[in-house]
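Below is one structure, written out as structure tokens, with a few remarks after it.
The values are calculated or read from the model by the stated rules, or taken from the named source; none is laboratory data. Note that this is a predicted model, so its numbers are computed, not measured. Glycine gets a Cβ as well: all are built from the backbone with ideal geometry, and neighbour counts include every protein chain shown.
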Amino acid sequence: MIAKKAPRRKDNKSSFGALAKYIMREEKTNEEVEYSRITNCGFDSFDLAVKEIEATQARNTRSKADKTYHLIISFPAGERPTNDQLKDIEDEMCKAVGLGDHQRVSALHTDTDNVHLHVAINKIHPLSHRNVELLRDHYRIDEACSLLEERHGLQRDNRIDRTNSKERDSRETGRAGDMEAHSGLDSFKRWVKDRKEPLQQALEKATSWDELHKAFAAHDLEIRQRGAGLVVSARNQKAFTKASDLGREFSKGQLESKLGQYQEPTEQIRQQEPAESYRKPPQHDGAERSELWEKFQREKHETIAVKRQLLQAVKEQRQAELDRQRKDYAARKEAIKRDTLLKGKQKREVYQKLAKNHKARSAAAFQSYRQQVDKIHDTHQIKGWLEWLVDRATEGNTTALTMLRSAARRPQKGAERFAFMGSDQGQVFTPLEPTVQANGDVLYTVSGARIRDTGERLRLDADQGGDVAAAIRLAREKYGDHLSVDGDEKFKQAVVEAAVASGQAVTFADPAMEQRRQILQELVNAKTEGEKEREQEKGRADEVQAWINKRNETRLKTYDIMEHRKFTESDAGPAIYKGSRKISEGLTVGLYEKSGTMLVLPITERQAERFKRLPVGTPVKLNKRGHVQFQKQERGHGR
């Protein structure tokens, strides 16, 4: 969770009503606003609450400072706190900055990968009507974020770096750091600082400005005056950084105390051939990565050349059209002038119509020209390094994806919720039409499941629903059949149930999950066996009925065959055993005569073997389930 105060307007004339309308998305549909809240106001209506807040602000006529505080609380991708958690987060955050009792409105926006809560707070106290001015509130906001993350079990984000300079990473800060984060390129500031050692040695030996300028010129650099201080700039590029970024000894005061008042480099020094120059290299090493960089540069220059040629051609075409229109206009104007049939008033009217027509033709030509230029710009876009890498990664280039991920300024977080984990192989599953982001995250939408691939994490927005089985299939493709799962118990249970229900042969690293999977799999196997037996029983019944139908069809052609039918519960009782028939492999039926009808009943192989030893005509007794009891024959029976 990251919270920050939005920058205030320089003229301190922010409008609470305008901010509130933006927060509630009144100019758009409200689909992106899943949660909204009004706090410390006398009205539940949004419009009335805003009017009440504006009336409170109007009560303070002395303060010239901004009267509105805009707080933005952003959550990591895939994390969406519950409404109760949002209320507590908002309340605690406002208390932390000293505005807990103040009027405010808030709304949660979900139109980006990171859901974020906007809170518009009235800085004018509702009772004292004093404007509360906050200083160094970012530290209190940071502490509140840490407390709330622990309280609600939210993902932990890096915010304010409180370590000393020796423990910090090597990332640049300020605009240079932003440039490296967004472009993926080393900043000029970093490039200069990497050459601090030889420049520092040159400074120690230098006894004049010329000697120092020569040392800088060897790297195609120059020390120049800028404002009240000194900067180090590239000699042939628009790039510079403060001289003091190399160390305090390079500040203007320290250099002038050592070398005297600043002197510009001589023309001879400016013409000195450098040993190296700043070239905006990518932040990566390796042959494949260098090859990608060279390919990017080549395509970029080719695009620039083609674009320049096309724009020049369109420009020449437009100029030719303008010349043709001017000549045509002049010729028509001259023809009207020489026309002796037209009177003065008539000529003036024709001149006006001609000028109006010429203006319309010129406007149409200009519109056509602009459309052609816009089309050229759209078709031949000159993309930056990161944009180009994103395109290559989307095409499935694993090296490009690795470079994006290694350059991303991704905070060191704790365990991800709702995620599958494994070793990153840099795969991009292009048939799923993924979206690759500049930080190397790959977004998939599979069967309603929104999945974010961060390399070693395959995160599912589980709170949003979707097909968990689809996420498991993707995790198997990426990490194999033995999966490590991170998430709450509800999510883990859903993963196990989805894996078993979808018939995926996976195992889990979590012992509890694996035990549950085995239990569920045994239940599914037992259920499957039962279904198979029922299917087989149904198949045997259909086969028996088919045999009965065939016997009855034969009966119509001869007189010595009884009517055949299946045994039912109502047929229970005494009957006469008439032998058995093998209908097919593994299926035998017993035949029993009762009341002039032949009853047909399937028997097991063991029963069939037993019945072979009994003579036809033996009296039997059938119970309701079709079990057969042979009765003892009286002596002399059948003789």
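Within the set of pairs 6+ apart or on separate chains, which have a first residue in region 327-347 that is free of Cβ contacts under 8 Å to residues at least 12 places away in the same chain, a second that is surrounded by 10 or more Cβ atoms within 10 Å (Cβ to Cβ) and outside any helix (DSSP H, G or I), and C-beta atoms under 8 Å apart? Close Cβ pairs satisfying both conditions: Lys347/Asp339.
In the condition set (1) part of a loop (DSSP other than H, G, I, E, B); (2) touching a residue at least 60 places away in the same chain (Cβ under 8 Å); (3) closer than 30 Å to Gln155 by Cβ, Gly396 is compliant with all but (2). Being more than 30 Å from Gln381 (Cβ to Cβ) and not assigned by TED's automatic domain parsing to the domain that holds Arg392 is the requirement here; does Lys307 meet it? Judged against the criteria, Lys307 is not a match.
Taking the criterion of being among the polar types (S, T, N, Q) and under 18 Å from Trp388 (Cα atoms), the residues of region 289-336 that qualify are Ser290, Gln297, Thr303.
The set of residues from region 51-92 being over 18 Å from His129 (Cβ atoms) and free of Cβ contacts under 8 Å to residues at least 60 places away in the same chain comprises Thr82, Asn83, Asp84, Leu86, Lys87, Glu90, Asp91, Glu92.
Taking Lys196 as the residue in question, decide whether it is modelled with pLDDT under 90, touching a Leu at 6+ places or on another chain (Cβ under 6 Å) and closer than 30 Å to Arg392 by Cβ.
no
In this structure, Asn397 does satisfy being in the same structural domain as Ala475 (by TED's automatic domain parsing), at pLDDT 85 or above and surrounded by 14 or more Cβ atoms within 10 Å (Cβ to Cβ).
For region 236-257, the set of residues classified as touching a residue at least 40 places away in the same chain (Cβ under 8 Å) and of a type in the set (D, E, K, R) consists of Asp245, Glu249, listed by residue number. The set of residues in region 350-364 being more than 56 Å from the chain's Cα centre (by Cα) and either β-branched (Val, Ile, Thr) or farther than 13 Å from Lys333 by Cβ (or both) consists of Val350 alone.
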